[in-house]
Amino acid sequence: MSWPLPTTPEITSPVSGVGGGDQATHHHSSHPHDPRKDVMSTGSPGQHAERGSDSQPHVPVLLDRVLELLEPVAGGAGAVLVDATVGLGGHTEALLSRHPELQMIAIDRDPAALAHSERRLAAHRDRVRLVHGVYDTLPQVLSAAGVERVDGVLFDLGVSSMQLDDDERGFAYSRDTALDMRMDPTRGRSAADVVNDYSAADLARVLREYGEERFARRIADAIVRERRSTPVTSSARLAELVRQAVPAATRRTGGNPAKRTFQALRIEVNDELGVLERALPAAVTALRVGGRLVVLAYQSLEDRIVKRTFAAGAAVTAPAGLPVVPEHAQPQLRLLTRGAEQASEAEIAANPRAASVRLRAAERIRDAA
Ligand SMILES: C[S@@+](CC[C@H](N)C(=O)[O-])C[C@H]1O[C@@H](n2cnc3c(N)ncnc32)[C@H](O)[C@@H]1O
(Lines give C-alpha, C1' and ligand atoms only; values in the text may rest on other atoms or scores of the structure.)
Protein backbone atom coordinates (compact mmCIF):
# COMPACT_ATOMS: atom_id res chain seq x y z
CA MET A 1 0.00 0.00 0.00
CA SER A 2 1.25 3.43 -0.68
CA TRP A 3 0.04 6.84 0.32
CA PRO A 4 1.81 9.21 -1.99
CA LEU A 5 1.70 12.78 -0.81
CA PRO A 6 -0.76 14.62 -3.02
CA THR A 7 0.71 17.33 -5.17
CA THR A 8 -2.20 19.55 -4.23
CA PRO A 9 -3.27 19.33 -0.62
CA GLU A 10 -6.48 17.45 -1.22
CA ILE A 11 -7.46 13.80 -0.80
CA THR A 12 -6.37 12.18 -4.03
CA SER A 13 -6.44 8.43 -3.62
CA PRO A 14 -8.67 6.11 -1.65
CA VAL A 15 -6.81 3.91 0.78
CA SER A 16 -8.17 0.60 1.95
CA GLY A 17 -7.23 -2.01 4.45
CA VAL A 18 -5.79 0.38 6.98
CA GLY A 19 -6.90 0.72 10.56
CA GLY A 20 -6.99 -1.23 13.76
CA GLY A 21 -3.44 -1.98 14.71
CA ASP A 22 -2.30 -3.88 17.75
CA GLN A 23 -1.31 -2.41 21.04
CA ALA A 24 2.31 -3.46 21.06
CA THR A 25 4.46 -0.87 22.70
CA HIS A 26 7.44 0.42 20.88
CA HIS A 27 10.18 1.63 23.08
CA HIS A 28 12.17 4.62 22.20
CA SER A 29 15.36 2.87 23.25
CA SER A 30 14.94 0.37 20.40
CA HIS A 31 15.77 3.16 17.96
CA PRO A 32 19.36 4.17 17.71
CA HIS A 33 18.28 7.45 16.16
CA ASP A 34 16.19 9.65 18.39
CA PRO A 35 14.09 11.98 16.24
CA ARG A 36 13.31 14.16 19.24
CA LYS A 37 16.86 15.39 19.24
CA ASP A 38 16.43 16.62 15.70
CA VAL A 39 13.26 18.50 16.36
CA MET A 40 14.01 19.87 19.78
CA SER A 41 17.53 21.08 19.18
CA THR A 42 16.41 24.34 17.74
CA GLY A 43 18.78 26.60 19.55
CA SER A 44 21.26 27.06 16.80
CA PRO A 45 20.50 27.42 13.13
CA GLY A 46 22.02 24.71 11.03
CA GLN A 47 20.81 21.96 13.31
CA HIS A 48 17.60 20.23 12.43
CA ALA A 49 15.19 22.87 13.61
CA GLU A 50 12.42 23.34 11.12
CA ARG A 51 11.78 26.99 10.50
CA GLY A 52 8.21 28.20 10.74
CA SER A 53 9.21 31.50 9.24
CA ASP A 54 12.38 33.32 8.47
CA SER A 55 12.66 34.69 11.99
CA GLN A 56 11.28 32.01 14.30
CA PRO A 57 12.50 28.45 14.61
CA HIS A 58 9.57 26.09 14.85
CA VAL A 59 9.53 23.93 17.97
CA PRO A 60 6.59 21.56 18.53
CA VAL A 61 5.08 22.15 21.97
CA LEU A 62 5.35 19.39 24.62
CA LEU A 63 6.85 17.09 22.01
CA ASP A 64 8.35 14.58 24.46
CA ARG A 65 5.09 14.23 26.35
CA VAL A 66 3.03 13.85 23.17
CA LEU A 67 5.40 11.12 21.96
CA GLU A 68 5.22 9.37 25.32
CA LEU A 69 1.42 9.44 25.44
CA LEU A 70 1.10 8.10 21.90
CA GLU A 71 3.92 5.55 22.26
CA PRO A 72 1.67 2.62 23.26
CA VAL A 73 -0.56 3.05 20.21
CA ALA A 74 1.80 4.29 17.50
CA GLY A 75 4.22 1.40 17.22
CA GLY A 76 1.94 -1.52 16.39
CA ALA A 77 1.77 -3.10 12.95
CA GLY A 78 -0.79 -1.23 10.87
CA ALA A 79 -1.10 1.62 13.37
CA VAL A 80 -2.83 4.75 12.04
CA LEU A 81 -2.80 8.10 13.82
CA VAL A 82 -4.54 11.32 12.90
CA ASP A 83 -2.81 14.66 13.37
CA ALA A 84 -5.85 16.92 13.19
CA THR A 85 -3.69 20.08 13.11
CA VAL A 86 -0.52 19.19 11.22
CA GLY A 87 0.60 22.82 11.02
CA LEU A 88 4.31 22.90 10.30
CA GLY A 89 4.51 19.13 10.66
CA GLY A 90 6.64 19.02 13.81
CA HIS A 91 4.67 16.48 15.84
CA THR A 92 3.88 14.39 12.78
CA GLU A 93 7.49 14.29 11.64
CA ALA A 94 8.67 13.15 15.06
CA LEU A 95 6.00 10.43 15.24
CA LEU A 96 6.77 9.12 11.76
CA SER A 97 10.53 9.12 12.42
CA ARG A 98 10.12 7.28 15.68
CA HIS A 99 7.66 4.63 14.44
CA PRO A 100 8.76 3.18 11.09
CA GLU A 101 5.49 1.29 10.54
CA LEU A 102 3.17 4.12 11.49
CA GLN A 103 0.82 5.69 8.96
CA MET A 104 -0.66 9.12 9.52
CA ILE A 105 -3.53 11.18 8.26
CA ALA A 106 -2.60 14.83 8.71
CA ILE A 107 -5.21 17.55 8.43
CA ASP A 108 -4.96 21.33 8.29
CA ARG A 109 -7.33 24.03 7.12
CA ASP A 110 -4.43 26.26 6.05
CA PRO A 111 -3.08 25.48 2.56
CA ALA A 112 0.22 27.22 3.40
CA ALA A 113 0.74 24.94 6.42
CA LEU A 114 0.08 21.89 4.24
CA ALA A 115 2.55 23.05 1.61
CA HIS A 116 5.16 23.50 4.34
CA SER A 117 4.43 20.08 5.83
CA GLU A 118 4.51 18.45 2.43
CA ARG A 119 8.14 19.55 2.07
CA ARG A 120 9.05 18.71 5.63
CA LEU A 121 7.50 15.25 5.50
CA ALA A 122 8.80 14.32 2.04
CA ALA A 123 11.04 11.58 3.48
CA HIS A 124 7.92 9.85 4.83
CA ARG A 125 5.69 10.54 1.82
CA ASP A 126 4.44 6.96 1.50
CA ARG A 127 3.19 6.91 5.11
CA VAL A 128 1.36 10.19 5.40
CA ARG A 129 -1.78 11.51 3.78
CA LEU A 130 -2.16 15.28 3.90
CA VAL A 131 -5.71 16.55 3.84
CA HIS A 132 -6.89 20.12 3.37
CA GLY A 133 -9.92 20.61 5.56
CA VAL A 134 -11.42 21.60 8.88
CA TYR A 135 -10.93 18.94 11.52
CA ASP A 136 -14.61 18.58 12.32
CA THR A 137 -14.88 16.75 8.98
CA LEU A 138 -12.83 13.90 10.47
CA PRO A 139 -15.54 11.27 9.80
CA GLN A 140 -15.60 12.18 6.08
CA VAL A 141 -11.79 12.33 5.93
CA LEU A 142 -11.53 8.84 7.42
CA SER A 143 -14.19 7.38 5.19
CA ALA A 144 -12.52 8.90 2.09
CA ALA A 145 -9.29 7.24 3.22
CA GLY A 146 -11.06 3.90 3.75
CA VAL A 147 -10.17 3.93 7.44
CA GLU A 148 -12.77 2.88 9.99
CA ARG A 149 -11.03 3.28 13.34
CA VAL A 150 -7.73 4.84 14.30
CA ASP A 151 -5.21 4.27 17.06
CA GLY A 152 -4.85 7.86 18.12
CA VAL A 153 -5.80 11.45 17.38
CA LEU A 154 -3.69 14.52 18.18
CA PHE A 155 -5.01 18.08 18.28
CA ASP A 156 -2.52 20.93 18.72
CA LEU A 157 -5.01 23.78 18.67
CA GLY A 158 -4.78 27.38 17.64
CA VAL A 159 -2.55 29.10 15.15
CA SER A 160 0.95 28.16 14.06
CA SER A 161 3.99 30.37 14.45
CA MET A 162 4.02 30.72 10.67
CA GLN A 163 0.49 32.14 10.68
CA LEU A 164 1.32 34.51 13.54
CA ASP A 165 4.49 35.75 11.90
CA ASP A 166 3.08 36.33 8.45
CA ASP A 167 1.84 39.90 8.24
CA GLU A 168 -0.38 39.04 5.27
CA ARG A 169 -2.46 36.83 7.55
CA GLY A 170 -3.42 39.60 9.96
CA PHE A 171 -3.26 37.69 13.27
CA ALA A 172 -0.90 40.11 15.00
CA TYR A 173 -2.09 42.99 17.14
CA SER A 174 1.41 44.19 17.90
CA ARG A 175 2.22 44.99 14.25
CA ASP A 176 0.22 46.82 11.61
CA THR A 177 -1.28 44.24 9.27
CA ALA A 178 -4.42 43.76 7.21
CA LEU A 179 -7.29 42.47 9.36
CA ASP A 180 -7.78 38.96 7.99
CA MET A 181 -7.22 36.16 10.58
CA ARG A 182 -8.66 33.37 8.44
CA MET A 183 -6.71 30.15 8.98
CA ASP A 184 -7.95 29.18 5.51
CA PRO A 185 -7.62 32.36 3.44
CA THR A 186 -9.37 30.69 0.50
CA ARG A 187 -12.81 30.82 2.10
CA GLY A 188 -15.06 32.49 4.66
CA ARG A 189 -15.27 36.00 6.04
CA SER A 190 -12.25 37.87 7.33
CA ALA A 191 -11.85 39.79 10.58
CA ALA A 192 -12.31 43.02 8.58
CA ASP A 193 -15.71 41.71 7.39
CA VAL A 194 -16.73 40.98 10.99
CA VAL A 195 -15.53 44.35 12.27
CA ASN A 196 -17.19 46.34 9.50
CA ASP A 197 -20.43 44.36 8.99
CA TYR A 198 -21.60 43.09 12.38
CA SER A 199 -24.09 45.13 14.41
CA ALA A 200 -22.78 46.74 17.60
CA ALA A 201 -24.74 44.17 19.63
CA ASP A 202 -23.23 41.23 17.75
CA LEU A 203 -19.73 42.67 17.97
CA ALA A 204 -20.14 43.18 21.71
CA ARG A 205 -21.36 39.59 22.11
CA VAL A 206 -18.33 38.23 20.23
CA LEU A 207 -15.92 40.32 22.31
CA ARG A 208 -17.61 39.32 25.57
CA GLU A 209 -18.02 35.61 24.85
CA TYR A 210 -14.81 34.87 22.97
CA GLY A 211 -12.53 37.55 24.40
CA GLU A 212 -13.97 37.63 27.92
CA GLU A 213 -13.71 41.39 27.42
CA ARG A 214 -15.22 43.51 30.22
CA PHE A 215 -15.50 46.58 28.02
CA ALA A 216 -17.06 44.78 25.05
CA ARG A 217 -19.89 47.25 24.50
CA ARG A 218 -17.63 50.32 24.68
CA ILE A 219 -15.23 48.79 22.18
CA ALA A 220 -18.07 47.72 19.86
CA ASP A 221 -19.56 51.23 19.96
CA ALA A 222 -16.17 52.78 19.21
CA ILE A 223 -15.73 50.48 16.19
CA VAL A 224 -19.20 51.29 14.88
CA ARG A 225 -18.60 55.06 15.28
CA GLU A 226 -15.29 54.85 13.44
CA ARG A 227 -16.50 52.73 10.53
CA ARG A 228 -19.28 55.23 9.72
CA SER A 229 -16.59 57.42 8.24
CA THR A 230 -13.75 54.96 7.51
CA PRO A 231 -13.86 51.14 7.35
CA VAL A 232 -11.53 49.54 9.90
CA THR A 233 -9.14 47.45 7.84
CA SER A 234 -5.82 47.52 9.68
CA SER A 235 -4.80 45.82 12.91
CA ALA A 236 -3.05 48.96 14.16
CA ARG A 237 -6.21 51.07 13.72
CA LEU A 238 -8.30 48.46 15.53
CA ALA A 239 -5.76 48.17 18.36
CA GLU A 240 -5.79 51.96 18.74
CA LEU A 241 -9.62 52.06 18.82
CA VAL A 242 -9.61 49.45 21.59
CA ARG A 243 -6.97 51.35 23.53
CA GLN A 244 -9.00 54.53 23.38
CA ALA A 245 -12.27 52.79 24.28
CA VAL A 246 -11.10 51.14 27.51
CA PRO A 247 -10.77 53.16 30.72
CA ALA A 248 -7.38 54.83 31.11
CA ALA A 249 -6.61 52.90 34.32
CA THR A 250 -6.88 49.52 32.54
CA ARG A 251 -4.51 50.66 29.77
CA ARG A 252 -1.68 50.64 32.26
CA THR A 253 -2.18 47.09 33.47
CA GLY A 254 -2.43 43.62 31.99
CA GLY A 255 -0.56 43.97 28.71
CA ASN A 256 -1.93 45.15 25.40
CA PRO A 257 -5.63 45.96 25.82
CA ALA A 258 -6.28 44.78 22.23
CA LYS A 259 -5.27 41.21 23.01
CA ARG A 260 -8.76 40.08 24.05
CA THR A 261 -10.43 41.74 21.06
CA PHE A 262 -8.05 40.05 18.64
CA GLN A 263 -8.55 36.65 20.31
CA ALA A 264 -12.32 37.09 20.07
CA LEU A 265 -12.21 38.02 16.38
CA ARG A 266 -9.96 35.09 15.56
CA ILE A 267 -12.32 32.67 17.30
CA GLU A 268 -15.33 34.15 15.50
CA VAL A 269 -13.68 34.23 12.06
CA ASN A 270 -12.62 30.58 12.29
CA ASP A 271 -15.55 29.32 14.41
CA GLU A 272 -12.84 27.81 16.59
CA LEU A 273 -15.03 26.77 19.52
CA GLY A 274 -17.83 25.41 17.33
CA VAL A 275 -15.54 23.17 15.31
CA LEU A 276 -13.82 21.91 18.46
CA GLU A 277 -17.18 21.08 20.10
CA ARG A 278 -18.05 18.98 17.05
CA ALA A 279 -14.61 17.48 16.46
CA LEU A 280 -13.81 16.04 19.89
CA PRO A 281 -16.80 13.65 20.05
CA ALA A 282 -16.08 12.67 16.43
CA ALA A 283 -12.48 11.89 17.39
CA VAL A 284 -13.62 9.72 20.33
CA THR A 285 -15.96 7.84 17.99
CA ALA A 286 -13.11 7.27 15.53
CA LEU A 287 -10.83 5.72 18.17
CA ARG A 288 -10.63 1.97 18.52
CA VAL A 289 -10.85 0.64 22.05
CA GLY A 290 -7.38 1.26 23.47
CA GLY A 291 -6.86 4.24 21.17
CA ARG A 292 -5.68 7.58 22.56
CA LEU A 293 -6.70 11.20 22.20
CA VAL A 294 -4.22 13.97 23.03
CA VAL A 295 -5.22 17.65 22.98
CA LEU A 296 -3.06 20.75 23.43
CA ALA A 297 -5.10 23.92 24.07
CA TYR A 298 -3.71 27.43 24.41
CA GLN A 299 -6.60 29.42 25.79
CA SER A 300 -9.11 28.75 28.52
CA LEU A 301 -12.25 28.66 26.37
CA GLU A 302 -10.84 25.81 24.30
CA ASP A 303 -9.42 24.00 27.31
CA ARG A 304 -12.82 24.19 29.00
CA ILE A 305 -14.40 22.37 26.03
CA VAL A 306 -11.69 19.71 26.12
CA LYS A 307 -12.06 19.28 29.88
CA ARG A 308 -15.85 19.01 29.65
CA THR A 309 -15.77 16.50 26.78
CA PHE A 310 -13.18 14.34 28.54
CA ALA A 311 -15.04 14.48 31.87
CA ALA A 312 -18.32 13.49 30.19
CA GLY A 313 -16.64 10.58 28.41
CA ALA A 314 -15.01 9.37 31.63
CA ALA A 315 -18.19 9.58 33.71
CA VAL A 316 -20.71 6.88 34.55
CA THR A 317 -23.98 8.04 33.06
CA ALA A 318 -26.30 5.96 35.27
CA PRO A 319 -27.91 7.49 38.35
CA ALA A 320 -25.68 7.26 41.43
CA GLY A 321 -26.35 4.42 43.83
CA LEU A 322 -27.24 1.65 41.36
CA PRO A 323 -25.81 -1.61 42.71
CA VAL A 324 -24.53 -2.58 39.24
CA VAL A 325 -23.79 0.01 36.56
CA PRO A 326 -25.29 -1.24 33.28
CA GLU A 327 -22.85 -1.65 30.37
CA HIS A 328 -24.38 1.20 28.35
CA ALA A 329 -23.78 3.61 31.23
CA GLN A 330 -20.11 2.70 31.71
CA PRO A 331 -17.53 5.36 30.74
CA GLN A 332 -16.01 5.29 27.27
CA LEU A 333 -12.85 7.14 28.27
CA ARG A 334 -10.14 6.79 30.88
CA LEU A 335 -8.24 9.98 31.63
CA LEU A 336 -4.47 9.70 31.15
CA THR A 337 -3.67 13.10 32.63
CA ARG A 338 -4.59 14.46 36.07
CA GLY A 339 -6.07 17.82 35.34
CA ALA A 340 -4.24 19.70 32.61
CA GLU A 341 -0.50 19.36 32.17
CA GLN A 342 1.66 22.41 31.49
CA ALA A 343 5.05 22.94 29.96
CA SER A 344 8.14 23.06 32.16
CA GLU A 345 9.87 26.35 32.84
CA ALA A 346 12.79 25.19 30.73
CA GLU A 347 10.53 24.54 27.74
CA ILE A 348 8.79 27.89 28.17
CA ALA A 349 12.16 29.64 28.30
CA ALA A 350 13.18 27.93 25.05
CA ASN A 351 9.77 28.31 23.40
CA PRO A 352 7.52 31.06 24.80
CA ARG A 353 4.57 29.69 22.82
CA ALA A 354 4.47 26.80 25.32
CA ALA A 355 3.64 29.17 28.20
CA SER A 356 -0.12 28.89 27.87
CA VAL A 357 -0.42 25.25 26.79
CA ARG A 358 -2.74 22.87 28.63
CA LEU A 359 -2.43 19.22 27.65
CA ARG A 360 -5.13 16.62 28.32
CA ALA A 361 -5.16 13.03 27.16
CA ALA A 362 -7.55 10.11 27.36
CA GLU A 363 -7.80 6.48 26.28
CA ARG A 364 -10.91 4.90 24.84
CA ILE A 365 -11.79 1.93 27.01
CA ARG A 366 -15.18 0.90 25.68
CA ASP A 367 -17.30 1.08 22.55
CA ALA A 368 -20.53 3.03 22.69
CA ALA A 369 -23.40 0.75 23.70
C1 LIG B 1 -0.37 25.05 16.69
S2 LIG B 1 -0.42 24.70 15.01
C3 LIG B 1 0.06 23.02 14.93
C4 LIG B 1 1.54 22.81 14.98
C5 LIG B 1 1.96 21.38 14.76
N6 LIG B 1 1.56 20.50 15.82
C7 LIG B 1 3.44 21.26 14.52
O8 LIG B 1 4.14 20.56 15.28
O9 LIG B 1 3.93 21.86 13.57
C10 LIG B 1 -2.12 24.60 14.69
C11 LIG B 1 -2.48 24.32 13.25
O12 LIG B 1 -3.84 23.88 13.27
C13 LIG B 1 -4.53 24.40 12.18
N14 LIG B 1 -5.93 24.44 12.57
C15 LIG B 1 -6.49 25.17 13.56
N16 LIG B 1 -7.80 24.92 13.64
C17 LIG B 1 -8.07 23.99 12.69
C18 LIG B 1 -9.26 23.33 12.28
N19 LIG B 1 -10.42 23.58 12.87
N20 LIG B 1 -9.18 22.42 11.30
C21 LIG B 1 -7.98 22.15 10.70
N22 LIG B 1 -6.83 22.76 11.02
C23 LIG B 1 -6.88 23.68 12.01
C24 LIG B 1 -3.92 25.76 11.96
O25 LIG B 1 -4.10 26.16 10.61
C26 LIG B 1 -2.46 25.52 12.32
O27 LIG B 1 -1.69 25.23 11.18
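The values are calculated or read from the model by the stated rules, or taken from the named source; none is laboratory data. Quantities reported herein were computed from a predicted structural model and do not represent experimental measurements. Methodologically, a virtual Cβ is constructed for each residue, glycine included, from the backbone with ideal geometry; neighbour enumeration extends over all protein chains shown.
Restricting to the stretch 206-236, name every residue that is outside any loop (DSSP other than H, G, I, E, B) and either in contact with a Gly (Cβ under 7 Å, 6 or more places away or on another chain) or of a type in the set (D, E, K, R) (or both).
The first filter runs over the stretch 206-236 and keeps only residues outside any loop (DSSP other than H, G, I, E, B), leaving 206-211, 216-229, 234-236.
ARG208, GLU209, ARG217, ARG218, ASP221, ARG225, GLU226, ARG227, ARG228, SER235 - these are the residues of the stretch 206-236 that are outside any loop (DSSP other than H, G, I, E, B) and either in contact with a Gly (Cβ under 7 Å, 6 or more places away or on another chain) or of a type in the set (D, E, K, R) (or both).
Step by step: first the residues of the stretch 106-125, then only those that are more than 12 Å from the ligand (Cβ to nearest atom) and buried (at least 19 other Cβ atoms within 10 Å of the Cβ), then the one that is nearest to LEU157 (Cα to Cα). Which residue is that? First the steps, then the outcome.
Taking the stretch 106-125 and keeping what is more than 12 Å from the ligand (Cβ to nearest atom), we get 118-119, 122-125.
This time we only want the ones that are buried (at least 19 other Cβ atoms within 10 Å of the Cβ), so: 118, 124.
Working: GLU118: 20, HIS124: 24 Å.
So the residue we want is GLU118.
Give the number of residues within the stretch 165-203 that are within 12 Å of the ligand (Cβ to nearest atom) and of a type in the set (Gly, Ala, Ser).
Here the count works out to 1.
Would you be able to tell me the number of residues in the stretch 301-326 that are surrounded by fewer than 17 Cβ atoms within 10 Å (Cβ to Cβ) and of a type in the set (Lys, Arg)?
Of all residues in the stretch 301-326, those surrounded by fewer than 17 Cβ atoms within 10 Å (Cβ to Cβ) come to 304, 308, 311-312, 314-326.
Filter once more, so that each one left must be of a type in the set (Lys, Arg): 304, 308.
So the answer is 2.
For residues in the stretch 269-313 being within 13 Å of the chain's Cα centre (by Cα) and in a strand (DSSP E or B), which is nearest to the ligand (Cβ to nearest atom)?
LEU296
Could you please tell me which pairs satisfy a Cβ distance under 8 Å, a separation of 6+ or placement on different chains, a first residue in the stretch 60-87 that is closer than 18 Å to ARG129 by Cα, and a second residue that is part of a helix (DSSP H, G or I) and hydroxyl-bearing (Ser, Thr, Tyr)?
Pairs that qualify, where the first residue is closer than 18 Å to ARG129 by Cα and the partner is part of a helix (DSSP H, G or I) and hydroxyl-bearing (Ser, Thr, Tyr), are ASP83/THR92; ALA84/TYR135; THR85/TYR135; VAL86/THR92; VAL86/SER117; GLY87/SER117.
Select from the stretch 244-268 the residues that are basic (Lys, Arg) and in a loop (DSSP other than H, G, I, E, B) and list them in ascending order.
From the stretch 244-268, those basic (Lys, Arg) are 251-252, 259-260, 266; that's our starting set.
Within the stretch 244-268, just ARG252 meets the criteria.
Taking ARG358 as the residue in question, decide whether it is over 30 Å from SER161 (Cα atoms) and among the charged types (D, E, K, R). If you could, list the steps in order and put the result at the bottom.
Values: over 30 Å from SER161 (Cα atoms): no; among the charged types (D, E, K, R): yes.
So ARG358 fails the test.
Considering only residues that are in a helix (DSSP H, G or I) and touching a Lys or Arg at 6+ places or on another chain (Cβ under 9 Å), look in the stretch 165-184 and name the one that is farthest from ALA264 (Cα to Cα).
Initial filter on the stretch 165-184 (in a helix (DSSP H, G or I)): 165, 167-169.
Those left that are additionally touching a Lys or Arg at 6+ places or on another chain (Cβ under 9 Å): 167, 169.
Working: ASP167: 19, ARG169: 16 Å.
Across the stretch 165-184, the extreme among qualifying residues is ASP167.
Being small (Gly, Ala, Ser), touching a strand residue (DSSP E or B) at 6+ places or on another chain (Cβ under 8 Å) and without any contact (Cβ under 8 Å) to a residue 60 or more places away in the chain is the filter here; which residues of the stretch 106-152 pass it?
ALA106, SER117, GLY133
Those residues that are in a helix (DSSP H, G or I) and either near the ligand (Cβ under 10 Å from one of its atoms) or not assigned by TED's automatic domain parsing to the domain that holds GLU68 (or both), I need them from the stretch 142-164; list them, please.
Here is the first cut: in the stretch 142-164, the ones in a helix (DSSP H, G or I) are 142-144, 161-164.
SER161, MET162, GLN163, LEU164 - these are the residues of the stretch 142-164 that are in a helix (DSSP H, G or I) and either near the ligand (Cβ under 10 Å from one of its atoms) or not assigned by TED's automatic domain parsing to the domain that holds GLU68 (or both).
Just to be sure I understand, how many residues within the stretch 126-140 are surrounded by fewer than 24 Cβ atoms within 10 Å (Cβ to Cβ) and either of a type in the set (A, V, I, L, M) or in a strand (DSSP E or B) (or both)?
Step one: list which residues in the stretch 126-140 are surrounded by fewer than 24 Cβ atoms within 10 Å (Cβ to Cβ), which gives 126-127, 132-134, 136-137, 139-140.
Of the ones still in play, those that are also either of a type in the set (A, V, I, L, M) or in a strand (DSSP E or B) (or both) are 127, 132, 134.
Residues flagged as surrounded by fewer than 24 Cβ atoms within 10 Å (Cβ to Cβ) and either of a type in the set (A, V, I, L, M) or in a strand (DSSP E or B) (or both) within the stretch 126-140 amount to 3.
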